[in-house]
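Remarks on the structure that follows.
Read-outs: derived from the displayed coordinates by stated rules, not from any lab. Being a predicted model, the structure only gives us computed values, none of them experimental. For neighbour counting, all protein chains shown are included, and Cβ atoms are generated from backbone atoms with ideal geometry for every residue, glycine included.
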Amino acid sequence: MEQQQINNLLDKYFEGETDLVEETKLRTYFANNKTLPPELEEYRILFSYFEAEQEKVYQGDVLLPQKRSYKWPIALSGIVAVVAALWLTQPFADEAAADNSSRNSGIATENARSLFMMMGSVPEESREKLGYLNELEVLKISELSSEEKGASNLEQEEKSNEK
Amino acid sequence: MNQREFLAFINPLKDRIFRLSLRYLVSKDAAEDATQEVIIKLWNNRKRLKKYDSPEAFAITVTKNHCIDQLKLKGNNNLRIVHSNFEGNESSLQRQIEAKDELKMVSKIISTLTEREQTLIQLRDIEQLEYEEIAEAMDMKETAIRVALSRARKKIRERILKIHRYGTATDK
């Protein structure tokens with residue numbers, strides 16, 4: 001009885017006339033019936049192939065390109081600037097309120113100037129470090145060419161002496 | 001569509017994208033690369049995704065086009081090699097793993113179909129998509145899909161019968 005139904009469904013299937021429910025019926029029939037009449041054996045192979053193919057899954061990652069956003073760094077540096085300004089001006093404002101002399105404002109200018117000087121030296125320091133990087137390059141090159149080894153070592157020493 | 005929405009959209013789809021890529025490119029590595037690249041393409045088009053009737057169908061179209069491009073790019077060479085290894089596997093060792101062999105046989109048979117037939121089999125018989133969705137993804141009419149699918153299924157049946165019956169006959 002059931003087999004007759006399956007045969008009908010198979011006919012429909014090969015004409016492209018089955019809907020998804022009917023196709024699922026076929027699939028489960030062939031998955032659940034291990035002993036089949038020989039004329040249906042070929043169909044079992046086909047449907048078990050479809051079944052097996054469905055099991056394949058993507059094992060890689062889902063990596064989305066991170067759009068480099070400048071919003072956060074800008075917001076952050078803004079906050080830092082505001083906090084720094086408040087921190088710098090607050091004590092002077094208090095002092096100025098308490099003692100309204102021009103001496104304090106002189107100190108304030110002095111303080112601010114020294115602060116700017118300190119900040120000014122930061123890029124210089126980092127530039128020095130970049131200089132070391134250049135030396136590293138020299139070192140690498142000298143390692144590659146053994147003939148010029150002595151010469152570049154000399155250069156190396158000269159440079160560090162300069163420092 | 002923000003990142004979280006996009007991930008919610010892509011997560012149930014990524015296996016389908018991978019399986020379709022695998023159908024075209026055969027090699028697992030190539031299919032994984034293709035999947036990642038298709039995901040990025042969809043991500044870059046995320047603003048347009050909502051405008052489609054079926055973003056899922058659009059994802060399939062992107063996958064299909066990407067894989068066909070890949071095949072053209074590679075000159076169809078090293079990507080297809082994996083398949084040709086199958087031919088002439090009649091050793092007794094192969095008989096012992098017959099179940100796996102059967103699957104390989106069907107896989108081999110399907111790979112002899114046209115690109116379009118393979119895609120239709122993949123989308124209908126493996127992914128079990130509605131004709132409506134396949135029509136949108138493939139830019140085909142539903143009736144045309146039914147006709148093509150019927151032809152593809154009959155081809156597979158014919159070839160399974162031929163190989164399977166022949167195979168068991170030589171065994172005796």
Review point. Cα atoms only, the stretch B:93-166: Rg and Dmax in Å?
Key: 14.1, 46
Point to revise | Simple label model, 7 Å out from Cα along Cβ direction - B:GLU115 to B:LYS72, nm | key: 0.8 nm
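Over the stretch B:3-74, what portion of Cα pair distances is larger than 18 Å, expressed as a whole percent? Write out the running numbers ahead of the final one.
Numbers: 815 of 2556 pairs.
Cα-Cα pairs in the stretch B:3-74 separated by more than 18 Å: 32 percent.
Is there a simple number for the mean count of other chain Cβ atoms within 10 Å of the Cβ of residues in B:12-25, and what is it?
Numbers: counts 0, 1, 5, 6, 3, 1, 5, 6, 0, 1, 3, 2, 0, 0.
Partner-chain Cβ atoms within 10 Å, mean over residues of B:12-25: 2.
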Review point. When the Cα centres of the stretch A:10-59 and the stretch B:117-170 are compared, how far apart do they sit, in Å?
Key: 12 Å
Check your understanding: Ranked highest first by the average count of other Cβ atoms within 10 Å around their residues, in what order do A:6-13, A:104-111 fall?
Key -> A:6-13, A:104-111
Check your understanding: What is the distance, in nm, between label points placed 7 Å from the Cα along the Cα-to-Cβ direction at A:THR35 and at A:ALA52?
Key -> 2.4 nm
Check your understanding: Distance in nm between label sites at A:THR24 and A:GLN4, each 7 Å beyond Cα in the beta-carbon direction?
Key -> 2.6 nm
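Can you pick out the pairs among B:LYS28/B:LYS100; A:LYS34/B:LYS162; B:LYS14/B:LYS162; B:LYS72/B:LYS162; B:LYS74/B:LYS104 whose Cα atoms lie more than 26 Å from each other? Walk me through the intermediate numbers first.
Numbers: B:LYS28/B:LYS100 17 Å; A:LYS34/B:LYS162 22 Å; B:LYS14/B:LYS162 35 Å; B:LYS72/B:LYS162 32 Å; B:LYS74/B:LYS104 24 Å.
Beyond 26 Å between Cα atoms: B:LYS14/B:LYS162; B:LYS72/B:LYS162.
How do A:THR28, A:THR18 rank when sorted from fewest to most other Cβ atoms within 10 Å of their own Cβ? Don't skip to the end; give the middle numbers.
Numbers: A:THR28 12, A:THR18 19.
Going from least to most buried by this count: A:THR28, A:THR18.
Taking the mean number of other Cβ atoms within 10 Å as a proxy for protection, how do you rank B:127-136, A:81-90 from highest to lowest? Don't skip to the answer; put the middle values down first.
Details: B:127-136: 17.5, A:81-90: 10.7.
Result, highest mean Cβ count within 10 Å first: B:127-136, A:81-90.
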